[in-house]
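These notes concern the structure reproduced below.
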Amino acid sequence: MTDPTTVLEEIEAIFAAHGDARYSEVVTQRQHALQCAQQAETAGSDSALVTAALLHDIGHMLHKHGPEPAARGIDDRHEDIGAGWLAKRFPPSVTEPVRMHVDAKRYLCAVEPDYFETLSLASVRSLELQGGPMSRHEAAVFEALPYASDAVALRRWDEGGKVADARTPALEDYLGHIRASVVSGSDVAPH
Ligand code: FE
């Protein structure tokens, strides 16, 4: 059983160390995470999906490629790094939307012709590195996966979480959702 207090301390330490790093031209990693979590909460999501939204880019704060790797032509695979870290602490309802949030962008660009227009410059740049929009077949396969709809919802919040000077709750305000997600994680993957 994962100890929720330890997980909360680990997450607070990661945000303390890397949360002020730039996510984009206008928001930090912390601001982006909080804006995503806020949208998830406003949408009435359960604790697992709010936690997934909050932590979906934790891989950006864990990898060793330095700031904005996509600008230098590097795909940091942050979705896999983040999901791998989370899978030792949370159930699939948290980890899978995180693992799938990059593919969800590739999916949305394939099935919604206007979606590409909503992407930030950085997301357009990384889309190339990540394989571009899905083919029809890839999109059909993606759609049938468990957690695909959660991943798509998370992706839309991701796009919406890049607003300069937005007011959000603080990280501390989401600790209850994180704790609830860890505690409910009886099916945490053994590692
Ligand atoms: Fe993001």
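The values are calculated or read from the model by the stated rules, or taken from the named source; none is laboratory data. Quick caveat, the model's predicted, so the values are computed rather than measured. Every residue, glycine among them, receives a Cβ derived from its backbone with ideal geometry; neighbour counts consider all protein chains shown. Heads up: the accessible areas ignore ligands, DNA and RNA and are worked out on the full protein's heavy atoms, side chains in. Shrake-Rupley method; radii C 1.70, N 1.55, O 1.52, S 1.80 Å.
Near the amide H of Thr28, within less than 5 Å, lie the amide hydrogens of Tyr23, all on another chain or at least 5 residues away, with H placed in the peptide plane. Of the residues Thr28, Thr51, ranked by 1.4 Å probe accessible area with the largest first, the sequence reads Thr28, Thr51.
Build a GNM of the chain with springs between Cα atoms under 10 Å apart, and of Leu145, Leu62, Leu34 the one that fluctuates most is Leu145. Charge dipole of region 4-187 (Cα centre as origin; +1 on each Lys and Arg Cβ, -1 on each Asp and Glu Cβ, all else neutral): 240 debye, rounded to the nearest 20. Here's the picture: charge each Lys and Arg Cβ at +1 and each Asp and Glu Cβ at -1 in the chain, and of Ser47, Ala13, Ala180 the one pushed furthest to the positive end of that dipole is Ala13.
Mind running the shape call on region 51-104? Use the C-alpha gyration tensor, a ≥ b ≥ c as the square roots of the eigenvalues: rounded below 1.5 for a/c, prolate if a/b tops b/c, oblate otherwise.
Taking the square roots of the gyration eigenvalues as a ≥ b ≥ c, region 51-104 is prolate.
Send over the semi-axes of region 4-187's equivalent ellipsoid, whole angstrom and largest first, taken as the square roots of 5 times the C-alpha gyration tensor eigenvalues. Walk me through the numbers before you get to the answer.
Details: eigenvalues 112, 73, 48 Å².
The equivalent ellipsoid of region 4-187 has semi-axes of 24, 19, 15 Å.
With a 1.4 Å probe and every protein chain left in place, work out the accessible area per residue of region 70-117 in Å², rounded to a whole number. Display every interim value, and only then the final one.
Details: 1870 Å² over 48 residues.
Per-residue accessible area for region 70-117 comes out at 39 Å².
Evaluating 6.51 cos²θ - 1.76 cosθ + 1.60 at θ = phi - 60° for every residue in region 149-162, the Karplus couplings come out as 5, 5, 5, 5, 4, 4, 4, 5, 5, 4, 4, x, x, 10 Hz, glycine and proline recorded as x. Sparse packing (at most 16 other Cβ atoms within 10 Å of the Cβ) combined with a DSSP loop state is found for the following GluC sites (Glu not before Pro) in region 6-61: Glu25.
Using only Cα atoms, locate the centre of region 1-41 and the centre of region 43-91, then give the distance between them in Å, rounded to an integer. Distance between centres, Cα-based: 10 Å. Computed from the C-beta positions of Ala140 and Ala43, the FRET efficiency with R₀ = 25 Å rounds to 0.45. Here the chain has 54 percent of its accessible surface on carbon and sulfur atoms, given a 1.4 Å probe and all protein chains in place.
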